Structures are given as structure tokens and as C-alpha cells.
Amino acid sequence: MTIRVIIADDQAIIRSGLRMMIESSEDFEVVSEAVDGADAIIQAKLHRPDIALMDLRMPNMDGVCATRKLVDLPQPPKVLVLSMYNSDAQVLEALDAGASGFLLKDLRCEELFSALHVIASGGRVFAPELLRNLVRQAARRMPVQVTGVDAKVAALSGSERKVLRLIGMGMTNEQIARELHLAGASVKTYVSRTLAKLELGNRTQAAVVAYTIGLVGHPAPPAPTTPGRHGPGPSI
């Protein structure tokens, strides 16, 4: 099924470049363009896109305000923010407004395609260079209340620990599958099992745990062993 997209950016050359990129794939269709946030809302109501590509700094109505209004529509599009700036405050404002992802405008064509597919299927995407700061912010804003987290992480198999690290790096299930050479269904099983063992409700909390225990963000500690086993669990 073709993914329908609108592009909201006050710079015509940016809109033109994004349109050319997106329409080079048969998977996507650009149904409209918007010159600011207010126009994005009008275009979304008229064309009912699956995804709105949203700039943040625009006249009349900025991208954060527009995102907040878009996700409140009766048939809301998912919002993917594309920005030249990587301010922590802007990332968090966009996410609080309801954006499903935040990427920088210097991304490659394949990265944009992958992000659009992930968001259309209900996932979230973030530029890798933004992720560590985002996780640090999340850890400060919503510390994970987990009793005995070290023991629970130690109880993970080697495969589950790898999946936790990749979640902490911001990878989607599709990216994890490619990284570990697994089928998508297998990755879903590992993610669900990992969250259940850690008694966590979502991937954001898992990313915070991965950062807190050192799997991402700084050198990771040696993998724990469990009684009766020699070293970590088998590789995936």
C-alpha cells in the first residue's frame, strides 16, 4: 500500500528536494506541500495523509504547535520532524507534542525511506546522534522504577542482552533484525521477552535501563554469567 505524505517546510527548495527523494520510490506519494504549520493543518484535513514531514522553525505557526494540532485531528497523520537543529529541548518538545520521530535534514535517501516505513507501521525513529541525549533526558525526567534491575539484567540470555543494547541505541525492530540476521517475528519475540523479564512497559524505559547500566552511552561492563553456565548465552 502506498504511504501518503505531506511536506511542511517554509523553504521551497527543501520541499522540492524532499519531494524528489520521496517520489523516487513507488512506496510513497507526496499528496501536498505546506508553507507553514497552519497550512500543514489545512492540507492534512484536505488530503488525510499517513505521515506529515514537519519542519520546526516556520512562520505563523511553528512545527511543535502544528504537530500538537495534527495529532488531535479525527484522522491524524503520524508526524516525522525533520530539522537542521539538534537541540535537546526541541526534540523533547516535538515528542511531547506527539511526533513519532525526529531526524536531521542531512539524512540519506534510504534513511528517510526506512523512517517513513517504520512510522507508518506505528514505530518511532530518532537520529542516532540525538539518541544518547534523548535517553539521558528521559532518565532524568522519568527514572525507571525497577527493583533489582541489575539482577533482572543478569537473568537475560545473551541474545536478550544484545536486543536490549540495540533498543538502547534506538534501533527499530527492522534494524535489529538486519543487525542480528533475524526474522522480524523473532525480533518481536525477543523484545517482548526482554521487556517482560525486566518488568518494563515500553521501549523508552528499556533504553533508559540500557543507558543506566552502561550498555550504551559509555563502555559497557562485562556480560554477566549465571550459575552453571560458562559465559553469556549463545549468540543470536
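The values are calculated or read from the model by the stated rules, or taken from the named source; none is laboratory data. What you see is a predicted model, and the numbers here were worked out from it, not measured in a lab. Don't worry about glycine lacking a Cβ; one is built from the backbone with ideal geometry, like all the others, and counts go over all protein chains shown.
For the stretch 52-89, a tally of residues being in contact (Cβ under 8 Å) with a residue 40 or more places away in the chain and among the polar types (S, T, N, Q) returns 1.
Checking each residue of the stretch 52-66 against the condition of being of a type in the set (S, T, N, Q), modelled with pLDDT under 95 and within 18 Å of Gly123 (Cα to Cα) gives no match.
Exactly one residue out of Val30, Val5 is in contact with an Asp or Glu (Cβ under 9 Å, 6 or more places away or on another chain), among the β-branched types (Val, Ile, Thr) and over 15 Å from Val79 (Cβ atoms): that is Val30.
Yes/no matrix, rows are residues, columns are (1) surrounded by 15 or more Cβ atoms within 10 Å (Cβ to Cβ); (2) more than 16 Å from His117 (Cα to Cα); (3) among the aromatic types (Phe, Trp, Tyr); (4) in contact with a strand residue (DSSP E or B) (Cβ under 9 Å, 6 or more places away or on another chain):
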| position | (1), (2), (3), (4) |
| --- | --- |
| Ile3 | yes, no, no, yes |
| Leu18 | yes, no, no, yes |
| Ile22 | yes, no, no, yes |
| Asp27 | no, no, no, yes |
| Val35 | yes, yes, no, yes |
| Ala38 | yes, yes, no, no |
| Met58 | yes, yes, no, yes |
| Asp62 | yes, yes, no, no |
| Ala66 | yes, yes, no, yes |
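Inspection of the stretch 157-170 identifies at least one residue that is assigned to a loop (DSSP other than H, G, I, E, B) and either more than 12 Å from Val209 (Cα to Cα) or modelled with pLDDT of 85 or more (or both). Taken over the stretch 41-85, the residue count meeting the criterion of being part of a helix (DSSP H, G or I) and of a type in the set (A, V, I, L, M, F, W, C) is 8.
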